[in-house]
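What follows is one structure encoded as structure tokens, with my remarks underneath.
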Amino acid sequence: MKMNMGSASGIVIAVSKSDKHTFSKENCSSIKLLKGLGVGGDAHLGKTVKHRSRVVANPNQPNLRQVHLIHSELLDELKDRFNVAAGQMGENITTKGIDLLELPKDSLLYIGETAVIKVTGLRNPCAQIDQFKPGLMKAVLDRDQHGNLIRKAGIMSIVLESGEVHPGDEIRIQLPPLPHAPLERV
């Protein structure tokens, strides 16, 4: 799905969080994004990395994975083979109408009235995804025409401005200055 990102917008379908390091997150009526930290009440909240594998490697590295977003179009694509609902793949915000994977690094997403997040990169799916639904890992990975790996399991971001986010909120995109850097795994 290509779009004119100069005026692109989408909507929030669902918001989710978990105060424990669980694969899936519970849907909520709203989440609070906290500047420089992430989602209030979520296990991944913090200035430094909270993902277990990253903590083992270096607990002092910055948390570039504060807010995880997945496009609902991926859930639609998977529904015939896997029954996956919003929040079940660990995302905090499920979107509709934005090709998240095509956003350049450092794109800004304005969500709701005050929240602003900056896109840091692609989610790199781990083995937990197959523990959740056997075969799902293969379904969220693909190859382009040159054989390069495509990760379809969403994007990661950091919170620049705090704000409450609800299902139904509009998401507005501001692209970074040219030249645009493609998303890489974070």
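The values are calculated or read from the model by the stated rules, or taken from the named source; none is laboratory data. Quick caveat: nothing in here was measured; it's all calculated off a predicted structure. Cβ coordinates were reconstructed from backbone atoms using ideal geometry, including for glycine residues, and neighbour counts include every protein chain displayed. Accessible surface is based on the protein model in full, side chains and every heavy atom, while ligands, DNA and RNA are left aside. Shrake-Rupley method; radii C 1.70, N 1.55, O 1.52, S 1.80 Å.
When the residues of region 58-80 are filtered to those that are of a type outside the set (A, V, I, L, M, F, W, C) and more than 26 Å from Glu161 (Cβ to Cβ), the one that is least open to solvent (accessible area, probe 1.4 Å) is Glu73. Tallying residues that are open to solvent by 10 Å² or more (accessible area, probe 1.4 Å), under 21 Å from Arg151 (Cβ atoms) and assigned to a strand (DSSP E or B) within region 99-114 yields 0.
Of (1) open to solvent by less than 70 Å² (accessible area, probe 1.4 Å); (2) without any contact (Cβ under 8 Å) to a residue 60 or more places away in the chain, Ala14 satisfies all except one. Which? That leaves (2) as the condition not met.
When you check Gly90 against the structure, is it closer than 17 Å to Asn63 by Cβ, of a type outside the set (A, V, I, L, M, F, W, C), in a loop (DSSP other than H, G, I, E, B) and open to solvent by less than 40 Å² (accessible area, probe 1.4 Å), yes or no? Don't jump to the end; show me each part of the working.
Values: closer than 17 Å to Asn63 by Cβ: yes; of a type outside the set (A, V, I, L, M, F, W, C): yes; in a loop (DSSP other than H, G, I, E, B): yes; open to solvent by less than 40 Å² (accessible area, probe 1.4 Å): yes.
Yes: the conditions hold for Gly90.
If you filter region 115-150 down to residues that are of a type in the set (Lys, Arg) and part of a strand (DSSP E or B), you find that the one that is surrounded by the most Cβ atoms within 10 Å (Cβ to Cβ) is Lys118. Taking (1) in contact with a Lys or Arg (Cβ under 9 Å, 6 or more places away or on another chain); (2) open to solvent by 40 Å² or more (accessible area, probe 1.4 Å); (3) modelled with pLDDT of 90 or more; (4) outside any strand (DSSP E or B) in turn, Lys50 satisfies each apart from (3). If the condition is being over 12 Å from the mean Cα position of the chain (by Cα) and part of a loop (DSSP other than H, G, I, E, B), then region 53-85 contributes Asn58, Pro59, Asn60, Gln61, Asn63, Lys79, Asp80, Arg81, Phe82, Asn83, Val84, Ala85. Scanning region 151-170 for residues that are over 23 Å from Val49 (Cα atoms) and open to solvent by less than 40 Å² (accessible area, probe 1.4 Å) returns a single hit, Asp169.
Against the criterion of being surrounded by 20 or more Cβ atoms within 10 Å (Cβ to Cβ) and within 17 Å of the chain's Cα centre (by Cα), Leu183 qualifies.
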